[in-house]
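Undergrad: Supplied in structure tokens, the structure appears directly below.
What follows is calculated from the coordinates using simple rules that are stated; it is not laboratory data. As the structure is a prediction and not an experimental result, all values here were calculated from the model. Don't worry about glycine lacking a Cβ; one is built from the backbone with ideal geometry, like all the others, and counts go over all protein chains shown.
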Amino acid sequence: MTHHHSNTPSTPEDAADLHDTRGAHEGRDVHDVHDVVARVLSRTGTALASTAAQHEHADGYRDGLDDGALEREARAARRRVAGLSTELEDVSEVEYRQVRLEKVVLVGLELPRPHGPATGAAGVSGQVRDTQDADTSLRELAALAQTAGSEVLDALIQKRDHPDPATYLGSGKARELADVVAAAGADTVIVDGELAPSQRRALEDVVGVKVVDRTALILDIFAQHAKSREGKAQVELAQLEYLLPRLRGWGESMSRQAGGRVAAGQGIGSRGPGETKIELDRRRIRQRMARLRREIQAMAPSRETKRGSRRRGAIPSVAIAGYTNAGKSSLMNRLTEAGIMVEDALFATLDPTVRRAETSEGRTYTLTDTVGFVRNLPHELIEAFRSTLEEVAGADLVLHVVDAAHPDPLSQVATVRTVLSEIPGALDVPELIVLNKTDLADAVTLAALRTGLPGAVAVSARTGEGIEELRARIEQMLPHPQVSIDVVVPYCRGDLVSRVHAEGEIDTIDYVEAGTHVVARVGAALAAEIEGAAAGATVG
Ligand SMILES: Nc1nc2c(ncn2[C@@H]2O[C@H](COP(=O)(O)OP(=O)(O)OP(=O)(O)O)[C@@H](O)[C@H]2O)c(=O)[nH]1
Ligand SMILES: [Mg+2]
């Protein structure tokens, strides 16, 4: 991948370039909207109903097989089959913006840091940081594109103060991009940012191939990876949310068309005043979104119940969070010996997985793997995945996994914290930073990270290095059971003694005639149960 760096500032001609090119698109857009909206809305059922069968099927085979291997195989197959589309992928086709199996050219802007000095006197170090940042971001975009199944042919970065309102890139750079695209034989351009519908159209006009933005790319990956009913519904909701304002863009041209019809004496009274086809579509999409929201909400209670029962049983919960590809699933596998899919791809995990694990003292806790975070995570997705992300807010401890071998781990940490700050309560949960991939990270970087992130534990999920220390730190940081008991549990209630071993902290244990004499600290619920059993024994 070559980077064409350019310091060319935007020129006045960029602004002059703002000619209206919409006329050329009108026919195509109108056609697509009819097609696409019809297709979206004619789908029988939603993700919920139509994937239920597939889901049951998967459930039947779940245990005893390596989920990871099966899912990896499925994904590889999906990547090989062009045009194979599940109903969810239809939604991204709405934007005719599917990204798999395409040959792509990436383009990014190198913008001044938002909180840095505003003028050119930014200073050398500031400039260097910006260049690195643009680079890291573009490299990540390349990884995202590959994850979506496309082939990255080339990449381009332009340095600007702000995106061009008309074409995102300056017009000169856009023409350069057109040449690169033609020379490379690419069929798609992916922009490392979010494009307004008009920018996308204008840029498409210049480069002559389809243009996709970062948000659409991430949505596409999520659509490919969503597996559970809830995950699918969440992604569909996010896609419709992304689609809605873009329909409005098309709607303007369609309203003009409708206006023409009205002027020509057609269509008056056929619908309410001003009610165009697009408004009707928009309303129906909103209705569909409302239904998805209801469905997602209806799925939430089962998770609430699960969480509630864990609470009542006083089993502490630990959530794994972190940037995508940091090694969250690998760490989960290490800590639980579970077969969760690990892949060198972004967003390998979309559905929260809960497993049982034990601290160094043998205390049981639940461990939840969560969806990875990424810079500029589309807000549509944060919204749609809110209930999933709330797992983090409900946990007793967050393991924040950091890829210590990444070129810029600290900005990944900042991104993760920004996303967490959007979930009420998530920042109040105690956080343990886990510096992962120590087998790859160099010693100097690692030392710097330990200084920058005091209290962090360094591990390698791959080699197992540091895992014992991590288990010990988890033991320390989990809430400790508060109720002291000093009881004799009758031998017929061995189950209660087992629970003290799993959930509580035992000071002494010995065996007397009446039963097991336990001095320990346990949760309130277990304490009550044990007292009851002990009292019952005394009375009986
Ligand atoms: N060398 C090395 N590689 C690791 C380590 N931990 C994870 N990896 C690799 O990093 C890649 C990503 O690991 P995952 O566990 O899938 O990462 P994740 O954070 O779950 O990623 P997403 O679910 O995609 O957000 C895989 O190729 C792993 O094999 C480690 O300690 N050392
Ligand atoms: Mg994962």
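Undergrad: Measuring from label point to label point, each 7 Å out along Cα→Cβ, what is the L244 to T418 span in nm?
TA: 2.4 nm
Undergrad: I'd like to know how the range 353-456 sits against the 2.2 N^0.38 Å rule of thumb: what's its Cα Rg over that expected value? Walk me through the numbers on the way to the answer.
TA: On the way: Rg = 14.6 Å, N = 104, 2.2 N^0.38 = 12.8 Å.
Working it through for the range 353-456, the quotient is 1.14.
Undergrad: Ranked highest first by the average count of other Cβ atoms within 10 Å around their residues, in what order do 436-444, 496-504 fall?
TA: 496-504, 436-444
Undergrad: Along the Cα→Cβ direction, 7 angstrom out, place labels at D439 and E505. What is the inter-label distance in nm?
TA: 3.4 nm
Undergrad: Among K103/K227; K173/K227; K210/K232, which pairs are too far apart, with a Cα-Cα distance over 32 Å?
TA: Details: K103/K227 26 Å; K173/K227 40 Å; K210/K232 26 Å.
Result: K173/K227 exceed 32 Å.
Undergrad: Using a Förster distance of 51 angstrom, determine the FRET efficiency expected from the C-beta separation of R284 and L410, and round it to 0.05.
TA: With a Förster radius of 51 Å, E is 0.65.
Undergrad: Here is a follow-up. Spelling out what I want: for every residue of the range 226-237, take phi, set θ = phi - 60°, compute 6.51 cos²θ - 1.76 cosθ + 1.60 (Karplus), and round to whole Hz; glycine and proline get x.
TA: Along the range 226-237, the couplings run 4, 10, 6, 4, 5, x, 5, 5, 5, 5, 4, 4 Hz.
Undergrad: Same structure again: Note the full-extension length gain between T451 and D187 as 0.36 nm times their separation in residues minus their Cα-Cα distance, in nm to one decimal.
TA: Here the answer is 90.5 nm.
Undergrad: Modelling each spin label as a point 7 Å along the Cα-to-Cβ direction, I'd like the E469/A524 distance in nm, to one decimal.
TA: 3.7 nm
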